[in-house]
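The structure appears right after this line, and notes come after that.
None of the figures in this text is laboratory data; all of them are computed from the coordinates on show. Only a predicted model underlies this, so the values are computations on that prediction, with no experimental measurement involved. For neighbour counting, all protein chains shown are included, and Cβ atoms are generated from backbone atoms with ideal geometry for every residue, glycine included.
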Amino acid sequence: MTLLTIGGLVILSGTADAQSGADHYHPLSQNSPPGQAAAWLNYLRKYDPSWLQPLLIEVPGSGTVEVFSGANHPVGAAPAPALVAANAGHLYRLRISNMEQFPDVEIYPTVELLDRLHPPAGRENDFPIPVILTADDIRTALGGQLVTRVVYLEQPQLAQVMDPLRREIPQSMTPAENALKEADRLGRPMAILRIGGRQPSPGSPASFYGTGGMIQFRDAADRNEGGAVVRMKNHAVLQRTAVGAATGPTR
């Protein structure tokens, strides 16, 4: 049976000066403008616009997930966990609301989809990329900070000894470190999740809502979870290995 292992790195924002420590020979990092890394990869790899990569968007407890794509009205909405399929090479804006742990709170994170998986034909929904927002992430964002998660597909030889549900290696990085480079060393970067306190306004440009990739909501109940993806779904473990705190601007 095919087994995919998804890992993740967490970066919590510092000031703009923190970017000066990034390696200059690596042109992209988590500090690049949202959407730039996906656009460059889309240009270089020429992703098939007709193929949609499933994402499984999870929030603590219950909640509603809406997705925007280049316009100020959502493409659709679904209860969390929401199964959404999207074009690689694009940036998408989410609206998360109706969270039982955070009543009357709305947050607007972004998902930058860098790459796609290559699952067996007909089983695409069984292999979603996990997009996980923890309670600590949300509290940090509400406190005026930015949490950035880089989700990557691990190299098989590393995944055998660094199971994301059990490993003890540090999974948090500082804003001065290049998380995309580190994710590339560990495997293949798949997505960047940015969770901040930024809210839309009547004058928000269309670019605030993403770059216009295709979006399709799918029925999460149709998934077969039988060993397809090892996901960091245990939030207690995820927070222990991958969450810290630092001050900085929201995005």
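Give the peptides 113-124, 131-142 in descending order of average Cβ contacts within 10 Å, highest first. Before the final figure, lay out each step's value.
Details: 113-124: 16.1, 131-142: 21.2.
Ranked from most to least packed, the peptides come out as 131-142, 113-124.
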- [ ] Search the structure for amide H atoms under 5 Å from the amide H of Gly213, placed 1.01 Å from N in the peptide plane, and list their residues when 5 or more places away or on another chain.
- [x] Leu91
Open item on the list: I'd like the distance between the alpha-carbon centres of segment 185-205 and segment 79-152, rounded to an integer number of Å.
Closed with: 9 Å
- [ ] Rank-order 206-217, 43-54 by packing density, defined as the average count of other C-beta atoms within 10 Å over each peptide's residues, highest first.
- [x] 206-217, 43-54
TODO: Apply the Karplus parameterisation 6.51 cos²θ - 1.76 cosθ + 1.60, with θ equal to phi minus 60°, to every residue of segment 77-82 and state each ³J(HN,Hα) to the nearest whole Hz, in sequence, with x for glycine and proline.
DONE: 9, 7, x, 7, x, 9
TODO: Report the normalised scattering of segment 68-129 as log10 I(q)/I(0) at q = 0.13, 0.30 Å⁻¹, calculated by the Debye formula with identical scatterers on the alpha carbons.
DONE: -0.44, -1.37
Task: Alpha carbon convex hull of segment 173-218, volume per residue in cubic angstrom - done: 159 Å³
Task: Tail weight of P(r) past 20 Å, computed on alpha-carbon pairs of segment 46-165, percent - done: 48 percent
Open item on the list: If I take the Cα coordinates of segment 49-102 and project them onto the principal axes, what are the three extents in Å, biggest first?
Closed with: 36, 22, 14
